[in-house]
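In what follows, a structure is listed as structure tokens, so that the remarks can point back to it.
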Amino acid sequence: MSDGVATRVAAARTLDEVLHRGRSLKAALGASLPTLADPRDRALVEAMVLAALRQRVRYNAALDGWTPRPLGQRDGLLRALLLAGFAQLELGLPAHAALAATVDAARTLGRAHQAGMVNALLRRAQRDGLPPADPAQAWPRWLARQVRADWPRQADAIFEASVQIAPMWLRVNRRWISRDDYLALLRETGIDAVPGPTLADALRLNAALPVQQLPGFDAGLVSVQDGAAQAVADALAPPPGARVLDACAAPGGKAAHLSERDASLRITALDVDARRARRMQETFARLRLEDIDVLAADAMQPEAWWDGAAFDAILIDAPCSATGIVRRQPDVLLHRRETDIAALCGTQAQLLDALWPLLARGGALVYATCSILQAENAAQVEAFLARTPDARLVPLDACFGHATGAGRQRLPGEGGMDGFFCARLQKS
């Protein structure tokens, strides 16, 4: 099997796992990508899968309108291959080679008798283009209604942004290199990037590429992190020498960013999952930030791990609906259930109540999510303030997004960034 055919087979199998077998995108990619030796092939599979999931409403409408009879339940893998085929055409791959590899992939997947149909459908997509569709149709009805209720003027822009390809943001490790020097290094390598105008360590790439192609990645000079997530370090802004807790830290980007900015900080990065905690340690080792203390423990049970010494700053990047990062995790719209929101809100409230006593007087706590739902964000903070007499809200600058009464909300696509909420609280 050629590399081109192998990538289409891997993309089809990954999509089939996510669309028809209920597997998460992260888990499905985690199983399929290691089967491909070339990082460029892995990047292509990921790009095809993400594009197909973002545009699945359009692509399925084309299939349903163009096939002489509807594809059946047993045709899930074939449908997945066709979605991947449509995606590669819109990603701008050379059409002749892409079509040939996809048709050969149909044969490899045991669909030789349908290879002609695959060829005909892809050629029609190439010739006529794929029909438009309302991006809101990709959202579960209950969730689309909630987005429109929370953001009536911005809802259409939110839905549209969530089907777009997300840019690749880099965070330069200022411990080892300045942003300007790393930008020069990129340009010497032929990689185009622009600085984030409001973010001191951020660069945005004009085109995504495998991390192995980033100069100095293995030496810890740079990490991949969206601009909205990088802004959290500015929201927390702990003083030099502060004792800092990152309470839901995995995969570790925000704790690493704080440490990169100030080596004097005494940072504890906590996560309830031991495997994720080990991966954080590996990330910190790559970045040469071995002074971060990593704990695998439940943030909601501090009596099991807290030493009794108050923290000067606490970050709660809380578990949430992930509705602000749909363009990066489009399977959120497949797996999220209405009952999840109440459960997530309950967890968020428990985290705030459990960790607030660990904060020193005068200290700051930043509550953040990658959600755009007000129940998880402004309403959550307002409820906490109402039941916590020694907590007060510290206003954040407009660069963090829309004012929501309690905190700031950036919506998906604004400034090229993900949807993200931040609120800064101080213990009086």
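Laboratory data are not the source of any read-out in this text; all were calculated from the coordinates shown. The model shown is predicted, which means the values in this text are computed figures rather than measured ones. FYI the Cβ positions are ideal-geometry reconstructions off the backbone, even for glycines, and counts take in every protein chain you see.
Listed values, structure above:
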{"read-out": "Inter-centroid distance (Cα atoms) of region 206-236 relative to region 329-345, Å", "value": "27"}
{"read-out": "Cα gyration tensor shape of region 168-224, rounded if a/c is under 1.5, else prolate or oblate by comparing a/b with b/c", "value": "rounded"}
{"read-out": "Directionally averaged shadow of region 321-419, computed from the convex hull of its alpha-carbon atoms, nm²", "value": "6.8"}
{"read-out": "5 angstrom amide H check on residue 322, placed H, neighbours 5+ away", "value": "370, 371"}
{"read-out": "Cα shape, the chain, gyration tensor, a/c 1.5 rule", "value": "prolate"}
{"read-out": "Positive minus negative residues near residue 241 (Lys, Arg vs Asp, Glu; Cβ under 14 Å)", "value": "0"}
{"read-out": "Inter-site label distance for residue 361 and residue 3 at 7 Å from Cα along Cβ, in nm", "value": "6.4"}
{"read-out": "Radius 11 Å from Cβ of residue 428, net charge of other residues (Lys, Arg +1; Asp, Glu -1)", "value": "+2"}
{"read-out": "Computed [θ] at 222 nm, deg cm²/dmol, the chain (DSSP H ≥ 4; -39,500 (n - 2.57); rounded to nearest 500)", "value": "-13500 deg cm²/dmol"}
{"read-out": "Computed label-point distance, nm, for sites residue 301 and residue 278 using a 7 Å Cα→Cβ extension", "value": "2.1"}
{"read-out": "Considering only the chain, percent of DSSP beta bridges that pair antiparallel, nearest 5", "value": "60"}
{"read-out": "Tensor-based shape of region 227-427 (alpha-carbon gyration tensor, a/c under 1.5 rounded, otherwise prolate or oblate)", "value": "rounded"}
{"read-out": "Under 14 Å, Cβ to Cβ, from residue 182 - net charge with Lys/Arg +1 and Asp/Glu -1", "value": "0"}
{"read-out": "Under DSSP loop assignment and at most 12 Cβ neighbours within 10 Å, longest trypsin sites (Lys or Arg not before Pro)-free interval of the chain", "value": "154-336"}
{"read-out": "Volume per residue that the Cα convex hull of region 123-265 spans, once the total is divided by residue count, Å³", "value": "182"}
{"read-out": "Separation of alpha-carbon centers, region 370-428 and region 85-108, rounded to whole Å", "value": "44"}
